[in-house]
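Each reported figure results from applying straightforward, stated rules to the coordinates on display, with no laboratory input. Only a predicted model underlies this, so the values are computations on that prediction, with no experimental measurement involved. No Cβ is skipped: glycine too gets one built from the backbone with ideal geometry, and neighbour counts run over all protein chains shown.
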Amino acid sequence: MPLHKVIYDTDPGIDDAMALVFQALHPEIDLLGITSVFGNATIDTTTRNALYLAQRFAPGVPVARGAAAPLQCAAPVPLGWIHGDDGLGNIELPEPDHGKLDARPAHRFIVETVRAHPGEVTLLAVGPLTNLALALADDPGIAHRVKEVVIMGGAFGIRGVLGNVTPAAEANVHCDPEAADIVCGAPWKLSIVGLDVTHETVMTNAFLASIRDRGGEPGRFVWDISRHYERFHFESDRIEGIYAHDYSAVAYLLAPHLYETRSGPVRVVTSGIATGQTIQKPSAMHVDAPDWDGRPACAVCVGVDAPAVLNLYESTLCAGA
Ligand code: RIB
Ligand code: CA
């Protein structure tokens, strides 16, 4: 019996795709839909990739096209050097059937699906948060109808972790800081899986080779698309492997006991050199801070049992081995 009805809001993107393959294989996840958003690539590319991934690994799961740009500015330049010009590591994948795209825009798909399953749906967002902000604008009541929201995004300075697009900002939040601040201020149960824990969760080359050799056809796909991403990680951070950013949000949903969290309201800086910075006022901090006070507390991940999180990925991908 699946425990989690999930709408996966994503900008595939190599780590997005690796997390989607995992969700398609995990018995406790019931993927109700995939909503695309700009970010790692243009909306045309991320939507094409979402359709491809659904048709190959999650047949029958609807895909809805989302926002092409942030709420208040133009779309960013795609990150070809990180995710490949095609968003999936430039491995020459065939075109999906574009006729299968849901007729609704992503935010309407989210609103209508949440209304159809009150109290049951988890929004799992691993790209810029524009679609979620648009859904809240369309129907603020969904904040009381979702089961919970889990996002991959942000960086809170735990153990000195900085941003990854500026010293202050993580990519998803930096792409649409206004949307991120709206999402962090909504009255829903929100958990934030940021760089503080995803930088602790590294899939090494040996780990990925094991997935390739023991994970069947999904495992070979994960290996193939991660080649480009692994080269980027070595060239940029000198690590021999990849940060498991988006999968970490899925792991948190399935196994929150593997994470240490800190409660408190979160604000997002929306202007100036620190645009995209995520700042939490911990609930244990007893100072007057009007910009935070009165906003709902979020659970920010500050620690992780990374070996156990990685073991969950490997055991799921290789279950058939
Ligand atoms: O900062 C990491 C995040 O940005 C991940 O979601 C990755 O896919 C990119 O979107
Ligand atoms: Ca992503």
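Among 248-258, 54-64, what's the highest-first ranking by average C-beta atoms within 10 angstrom per residue? List each step's numbers first, then the result.
On the way: 248-258: 21.4, 54-64: 18.9.
Those peptides, ordered most packed to least, come out 248-258, 54-64.
Please arrange Met18, Met285 by how many other C-beta atoms lie within 10 Å of their C-beta, fewest to most. Show your work: numbers first, answer last.
Working: Met18 27, Met285 10.
The order, fewest Cβ neighbours first, is Met285, Met18.
Evaluate the Kirkwood expression for the hydrodynamic radius of segment 243-321, namely the inverse of the mean inverse distance over all pairs of different C-alpha atoms, and round to one decimal in Å. Walk me through the numbers on the way to the answer.
Numbers: mean 1/r = 0.0677 Å⁻¹.
The Cα-based Kirkwood calculation yields 14.8 Å.
Sorting Phe109, Phe232 on the 10 Å Cβ count, fewest up front, what's the list? Present the calculation step by step, with values, prior to reporting the outcome.
On the way: Phe109 25, Phe232 17.
Listed from fewest to most nearby Cβ atoms, that is Phe232, Phe109.
With contacts defined as alpha carbon pairs under 8 Å and 6 or more residues apart, what's the relative contact order of the chain in percent?
Details: 717 pairs, mean separation 58.3, N = 321.
This gives 18 percent for the chain.
Where does the chain land at 222 nm, in deg cm²/dmol rounded to the nearest 500, when only DSSP H runs of n ≥ 4 count, each adding -39500 (n - 2.57), divided by all residues?
Helix contribution divided over all residues of the chain: -11500 deg cm²/dmol.
When only Cα pairs under 8 Å and 6 or more residues apart are kept, what is the percent relative contact order across segment 169-248? It would help to have the intermediate numbers written out before the result.
Numbers: 56 pairs, mean separation 26.7, N = 80.
About 33 percent, as a whole number.
Which of rounded, prolate or oblate describes segment 59-202 when judged by the alpha-carbon gyration tensor and an a/c cut-off of 1.5? Don't skip to the answer; put the middle values down first.
On the way: a/c = 1.70, a/b = 1.10, b/c = 1.54.
Note, shape of segment 59-202 comes out oblate.
Taking the Cβ of Ala155 as the centre, find all other residues whose Cβ is under 9 Å away and add up their charges (Lys, Arg: +1; Asp, Glu: -1).
Numbers: positive: none; negative: Glu170, Asp196.
Once positives and negatives cancel, what remains is -2.
Assuming a viscosity of 1.306 mPa s and a temperature of 10 °C, what translational diffusion coefficient in µm² per second does Stokes-Einstein assign to segment 172-234, Rh being the Kirkwood radius over Cα pairs? Intermediate values should be presented prior to the final figure.
Working: Rh = 14.4 Å.
For the chosen part, D equals 110 µm²/s.
Label segment 167-271 by shape, choosing from rounded, prolate and oblate, from the square roots a ≥ b ≥ c of the eigenvalues of the Cα gyration tensor; if a/c is under 1.5 it is rounded, and otherwise prolate applies when a/b is larger than b/c, oblate when it is not. Write down the numbers at each step before the final one.
On the way: a/c = 2.44, a/b = 1.71, b/c = 1.42.
It comes out prolate by the Cα gyration axes.
Assign unit charges at the C-beta atoms only (+1 for Lys and Arg, -1 for Asp and Glu), then state the dipole size of the chain relative to its Cα centre in Debye, rounded to the nearest 20.
Details: 22 positive and 38 negative charges, 89 e Å.
The calculation lands at about 420 debye.
Arranged by the count of other C-beta atoms within 10 angstrom, fewest first, what order do His228, His98, His107 take? Could you put the intermediate results ahead of the total?
Working: His228 20, His98 11, His107 25.
The most exposed by this proxy come first: His98, His228, His107.
Net charge near Thr46, counting Lys/Arg +1 and Asp/Glu -1 over other residues with Cβ under 10 Å of its Cβ?
Values: positive: Arg48, Arg65; negative: Asp11, Asp16, Asp44.
So the environment of Thr46 carries a net charge of -1.
Let a ≥ b ≥ c be the square roots of the eigenvalues of the Cα gyration tensor of the chain; is it rounded (a/c under 1.5), or, if not, prolate (a/b larger than b/c) or oblate?
Details: a/c = 1.40, a/b = 1.21, b/c = 1.16.
The shape class here is rounded.
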